[in-house]
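Below: one structure, written as structure tokens.
Derivation of every value follows stated rules applied to the coordinates shown; laboratory data play no part. None of the values given here were measured: they were computed from a predicted structure. Cβ atoms come from the backbone with ideal geometry, glycine included; neighbour counts cover every protein chain shown.
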Amino acid sequence: MTTLSKPMKKFSPVAQAAMDYYQAQATRLIQAEGEGHALARFRQAALNEFIEQGFPSRKDEDWQFTPLSNFLKTHYHFNGISRATAADIAKLRPFVDAWHLVFVDGYFSESLSDDLVGLPDGVSIESGKDALDFEMGFCVFAQSEEDIQQDAFGMLNAMLFDDGVFIEVAPHVQLEKPIVISYVQTLAEHANIVRNKIKLGSSASLNVIEQYVAIDDGWGFENSVCEIELAANARLNQVVWQNLPEQATYFNNQFIDLAEHSQFRTHYIGLGGAISRHQNHVQMDGDRIESEQNSVCFARNQQIVDTRTYTGHKAEQGLSRQLHKLVLADQAIGVFNGMIKVDQVAQKTDGMMDNKNLLLSNKAQMNAKPQLEIYADDVKCSHGSASGQISADQIFYLQARGLSKQQARQLVTLAFLMEPLETVVAETVRTWLQQALADAVTPHLS
């Protein structure tokens, strides 16, 4: 009997050249670590999958509106000499009392980070690739979703990352003081590839702020993966602030596994990058879990901003809330793709996903795809998406009260963007975010 082999996937010359380049980089790391090393085996598994799947094209449904052509033309380099100083980092600190960890061009900087000697008992922070466990094999974080396992940038991260941080909080430990992780770009056309893990024991709590920023002329390729694991009754509040230069590229995959009665809240603010994609993959594996995923994005010129969520309800009485707001100016392109999947056993699920978009230009383009996939019969789920421009009546109303047209447009736009941040739990963090967002966006509103 003749067995038909699977046809080889064909790639454009530009995509193939990029694949060959990153394959060579991964092979160099694997050879340096030795084939018997757990990390080398982890990289090899990812590399094998990457060679077969490759980079997606616009023919792939999930990449139809997020073209990679410009990204593929740049072969980002590795192991550059960074030049960040303590004075540079001080300017980037949020106005929040926190423990501060700093990564510069993809590598942890002990000298620029806070001394962690005073961390409470039961809180462990380890940096470096050796802090993570690779014995479970490639894509252990990806659950059973085939489409997630085949994400090209998740594979690329597994192949090429060289640093990261593992944060673990022991059961019943409540860390109220936030941990801030700053990823700082200082080099042009540099690859910054980091892999992190956050693990909370039962009834533990943690607040994390991650910020992706740059100094001087630093812009590059930011590729992050974060695995988050919450045990029963644990609580995590997360903020991700992304304000990279307009030339940068940003891809972030987060894989979140939640146990019964746990609470997970994440707020993503996306402002920078020529192309950016932020993805949350949430698995609600126990009863009475609460999750919230909000995002705020602003894009101008020819930026492409892409925010995505997958929320899997796998047990009873789960509660999920999402609010995603995008503002697009000039010729910017926005993409939102969200899925709520409710398994047959997940009765009494309450899930809501809302996407609202404000177009400041006739040339701006928004592509939205909210989705529900429900197999249970006793649920309360809703999803929606709406796009439009600022109402002339709103502008007239504000002008009648003494504001200029520009001031009126700024006020309406900022008010629109602020809503998803209202549920940030810590008041000091919420106030900092609101001010930082206003400072970043206002100069580009006319």
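Based on DSSP, what percent of beta bridges with both residues in the stretch 82-391 are antiparallel, to the nearest 5?
Percent antiparallel among DSSP bridges in the stretch 82-391 is about 5.
As an exercise, identify the trypsin sites (Lys or Arg not before Pro) in the stretch 21-59 lying in DSSP coil whose Cβ has no more than 16 other Cβ atoms within 10 Å.
Passing sites in the stretch 21-59 are 58, 59.
Run the reach check for residue 341 against lysines, Cα to Cα strictly under 20 Å, same-chain hits fewer than 8 apart removed. What comes back?
The reachable lysines, counting only those whose Cα sits under 20 Å from residue 341, are 314, 369, 380.
Could you work out the relative contact order of the stretch 341-446, using alpha carbon pairs under 8 angstrom and six or more residues apart, expressed as a whole percent?
Relative contact order comes out at 24 percent.
Going by the alpha-carbon gyration tensor, a ≥ b ≥ c the square roots of its eigenvalues, is the stretch 151-229 rounded (a/c under 1.5) or, if a/c is not under 1.5, prolate (a/b greater than b/c) versus oblate?
Oblate, because a/c is 1.5 or more while a/b does not exceed b/c.
Using the count of nearby Cβ atoms within 10 Å as a rough guide to exposure, how do 313, 281, 383 rank from fewest to most? Intermediate results must be reported in sequence, preceding the final value.
Working: 313 32, 281 25, 383 17.
Lowest count first: 383, 281, 313.
Show me the trypsin sites (Lys or Arg not before Pro) within the stretch 65-120 that DSSP assigns to loop and that have at most 13 other Cβ atoms within 10 Å of their Cβ.
When the trypsin sites (Lys or Arg not before Pro) of the stretch 65-120 are filtered for loop state and at most 13 Cβ neighbours within 10 Å, 83 remain.
For 99, 63, what's the fewest-to-most ordering of other Cβ within 10 Å of each Cβ? Before the final figure, lay out each step's value.
Numbers: 99 20, 63 17.
Result, fewest neighbours first: 63, 99.
Using a 10 angstrom cutoff on alpha carbons, build the Gaussian network for the chain and name the most mobile of 229, 168, 126.
Result: 126 has the largest fluctuation of those listed.
So what J values fall out for the stretch 52-69 if you push phi through Karplus, 6.51 cos²θ - 1.76 cosθ + 1.60 with θ = phi - 60°, rounded to Hz, Gly and Pro as x?
Along the stretch 52-69, the couplings run 6, 8, x, 7, x, 10, 6, 6, 7, 4, 6, 10, 4, 10, 10, x, 9, 4 Hz.
Relative to a virtual label point 7 Å from the Cα of residue 367 in the Cα→beta-carbon direction, which members of the stretch 330-345 show backbone nitrogen distances below 18 Å?
In the stretch 330-345, the label zone of residue 367 (backbone N under 18 Å from the point 7 Å along Cα→Cβ) covers 330-339.
Using alpha carbon centroids, what distance separates the stretch 95-127 and the stretch 242-298, in Å?
What the calculation gives is 22 Å, centre to centre.
I'd like the projected area of the stretch 403-446, averaged over all directions, using the convex hull of its alpha carbons. Report it in nm² with one decimal.
3.0 nm²
Dipole of the chain, Cα-centred, from +1 at each Lys and Arg C-beta and -1 at each Asp and Glu C-beta, to the nearest 20 debye?
On the way: 36 positive and 55 negative charges, 315 e Å.
The dipole of the chain has a size of about 1520 debye.
At a threshold of 8 angstrom on Cα-Cα distance, excluding pairs fewer than six apart, so keeping six or more, what relative contact order does the stretch 392-446 reach in percent?
With pairs under 8 Å counted, the relative contact order is 36 percent.
Most mobile of 164, 201, 36 per a Gaussian network model of the chain (Cα springs, under 10 Å)?
36
Counting alpha carbon pairs within less than 8 Å and at least 6 residues apart, what relative contact order, in whole percent, applies to the chain? Intermediate values should be presented prior to the final figure.
On the way: 1054 pairs, mean separation 41.6, N = 446.
That works out to 9 percent.
Quick one: if the Förster radius is 30 Å, what FRET efficiency do residue 446 and residue 419 give, using the C-beta to C-beta distance and rounding to 0.05? Working shown, then result.
Working: r = 22 Å, r/R0 = 0.74.
Given R0 = 30 Å and the Cβ-Cβ separation, E is 0.85.
For each pair in 10/59; 91/129; 9/73; 91/405, compute the distance between the two Cα atoms and list the pairs where it is over 22 Å.
Pairs exceeding the cut-off: 91/129; 91/405.
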